[in-house]
Amino acid sequence: MNIIAKEMLLGSGKLTVMVKDSIDIQGFKTLAGSRALENSAPATQNAEVIDRILNADCVITAKTNLHELAFGITGINHAFGTPINPKYPDLIPGGSSSGSAAAVAAHLADFTLGTDTGGSIRMPAACCGVYGLKPTFGRVSRKGVHPAQSSLDCVGPFANSVDMIETAMQIIDPTFVATACVTAPKLAWLNVQADTVVTECIEKFFIEKNLHPEPVAVASFEKAFHAGMQIINYENWQAYAELTKTGLIGADVQGRLLKTAETTLQQVQQAEQVKAEFTQEIDALLDQYDALLLPTLPQTPPKVADAENTVAFLNLTALVRPFNLSGHPAISIPLETEQGLPVGLQIVTKRNADEFVCAIAKFVVKAA
C-alpha cells in the first residue's frame, strides 16, 4: 500500500507503533521521503520520542512514508510511492504525514507518529478518516526530528480513537495526564470560509449531538495563514537549500523549495508580528470559551489524479496552519458526508491544555 518506508521490529509490548520517516531511529537512515537523502548516514541515536516509545509497552514495526521532505500537503510521493488512502482510495491521503495517517486507517498500528508544521497531522487525519492531534508547540520533544530547527513544527499522534490518542500522548509526553470527560463545555464555532458540503456535514453532526456552539470570528485569521507560510518557507530554505543542488528532489518539491529562497527576513519579521496579533486574539477567545470548533479542511479532499500540483491545493491548509503559528493544541476528529466523503472537525483549546482538548473531543464524540 506504499504506506511503509522501512519495516522493523524494535522493542516489545502490546501496542504497535509506526513512525514517520522524518524522525530518527538509531541505525536507520532518515530519508524524509527523498532520494536526495539516500546517501545520508544512519542515525546515531534515537529521537527522544523513540526512546519514550521503546521504554513503554510498545513495539515499533515500521517507519512510514511521507510527502517529500515533509514539504507538501497531498502526500503524493513519486520516489517512494504514494500511500493509498485505505477508506477513500481515490482521494489523497493528505500530507505531509500521509503514511502515518494511512497506517492507522488500515489498522496496521495502534497509533502512529507524524509531524505538523502547517497542518501535516490534522490534514491527513481528516483525509483518511482518523483522529490526529497537533500538541501545543514545544510540548513534545523534537530532538532527533527533521528538520532540526523549526519554530512551528510539532510531533503528534494518529489513532482510531481519542482514548488511544491520550495513551500515545502519555507515552511521548511524560507531563501528559489524561483528564475525565468534561460536562457542558462552552463551545464556540469559528466563522471561516469552507465549502457548503463541509459546513452542512458538521452542522448535521452538531444537531445529532445536540451541540450549540456560539459563532465567533477572528479578524487576523487569513493573515495568520499567510504568515505561517512565510515562516515555513524561510526555515525550510535554511534546512534544505543544499539538497536543491543534488538534482534528486522531485520536481514539485524542488520548485517550491527554490521559490522559498525569495522569502526575506523582513517578511519573517512581519509574520512574527501577525503571530503575536493572532495568538492574542485566540487567547482572548479561549478566555471566554472552553474550545473553538471549525472544519479541519475547507473542502473535501481532492482525488489523487487531480492533485499533482501541490501549489494549486495549498488552500487546503487554510484552517489548520494558523494554529501552528499560534502554537495552540488542535485535534481533528473524523466525520463523513451523506455522500461518503471525509470531513474533519477541528477542536482548539488553550496552549498547554492538551489534556483538555482531548477531553473536549471525547465529550463532542460521545454527546447525545
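Measure off, as a whole percent, the carbon and sulfur share of the 1.4 Å-probe accessible area of segment 295-368, all protein chains present. Summing carbon and sulfur atoms, their accessible area is 51 percent of the total for segment 295-368. A 1.4 Å probe run over the protein chains yields, for segment 83-166, 23 Å² of accessible area per residue, whole-number rounding. Per-atom-type breakdown for segment 1-119 gives carbon and sulfur 48% of the accessible area (1.4 Å probe, protein chains only). A 1.4 Å probe run over segment 256-368, with the rest of the protein chains in place, finds 39 Å² accessible per residue.
Post the alpha-carbon centroid distance, segment 80-107 to segment 319-368, in whole angstrom. About 19 Å separates the Cα centre of segment 80-107 from the one of segment 319-368. Ordering of 348-356, 202-210 by packing is 348-356, 202-210, highest average first (other Cβ atoms within 10 Å, averaged per residue).
Remark: relative contact order (segment 139-243) = 28 percent; criterion is Cα-Cα distance under 8 angstrom and separation of 6 or more residues. Mean residue ellipticity, 222 nm, helices only, the chain: the sum of -39500 (n - 2.57) across DSSP H runs of n ≥ 4, divided by residue count and rounded to 500, is -10000 deg cm²/dmol.
Using a cutoff of 8 angstrom between alpha carbon atoms and counting only pairs six or more residues apart, the relative contact order for segment 1-157 works out to 25 percent.
Just the number, please: carbon plus sulfur as a percent of the accessible area of segment 135-190, 1.4 Å probe, no ligands or DNA/RNA counted. Here it works out to 58 percent. With protein chains left intact and a 1.4 Å probe, residues in segment 195-246 average 55 Å² of accessible area per residue. The structure-derived value of Rg and Dmax of the Cα atoms in Å appears in the list [x] 20.6, 68; [y] 18.8, 56; [z] 20.3, 60 under the label [y].
The values are calculated or read from the model by the stated rules, or taken from the named source; none is laboratory data. What you are looking at is a predicted structure, and each value in this text was computed from that prediction instead of being measured. No Cβ is skipped: glycine too gets one built from the backbone with ideal geometry, and neighbour counts run over all protein chains shown. These accessible areas exclude ligands, DNA and RNA; they are computed on the full protein's heavy atoms, side chains included. Shrake-Rupley method; radii C 1.70, N 1.55, O 1.52, S 1.80 Å.
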